[in-house]
1. If you average the sequence gap of Cα pairs under 8 Å that are 6 or more apart and divide by the length of the chain, what percent do you get for the contact order?
2. Would you calculate the separation in nanometres between label points at residue 90 and residue 12, each defined as 7 Å from the Cα along the Cα-to-beta-carbon direction?
3. Seen from all sides and averaged, what is the projected area of the convex hull of the Cα atoms in the range 41-92, in nm²?
4. Per DSSP helix of 4 or more residues, -39500 (n - 2.57); summed, then divided by the residues of the chain. What does that give at 222 nm, rounded to the nearest 500?
5. Relative contact order, percent, of the range 6-59 when contacts are C-alpha pairs under 8 Å separated by at least 6 residues?
6. Given a 10 angstrom Cα cut-off, can you work out which residue in 35, 14, 65 is the most mobile in a GNM of the chain?
7. Taking the chain as a Gaussian network, Cα atoms linked when under 10 Å apart, which of 78, 19, 59 shows the biggest mean-square fluctuation?
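What follows is calculated from the coordinates using simple rules that are stated; it is not laboratory data. If you're wondering where the values come from, they're calculated on a predicted model, not measured in any experiment. So basically every Cβ, Gly included, is an ideal-geometry build from the backbone, and we count neighbours across all protein chains shown.
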């Protein structure tokens, strides 16, 4: 399911216009992005938690040249499913 399909489903289920649903969905994603950028997490009880995971710097090997390279530390977004979502998916 993509963003357009989510907007259509939300519009049908809530009877809000697609334009209103689009604004809400875009605001929702901006809030999550802003919160994660500050290093904080976003928890939706029963659904899951969005957070930042930090990967430390490490040594690697360039597969093309076999030369050793330094891979810098980075932060990546992470999602951990909540109990209700995990149980729902397990039963599929």
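1. 21 percent
2. 3.0 nm
3. Details: hull surface 22.2 nm².
In nm², the orientation-averaged hull projection of the range 41-92 is 5.6.
4. My calculation for the chain gives -14000 deg cm²/dmol from helical runs alone.
5. Normalised by residue count, the contact order of the range 6-59 is 19 percent.
6. 65
7. Highest fluctuation of the listed residues: 59.
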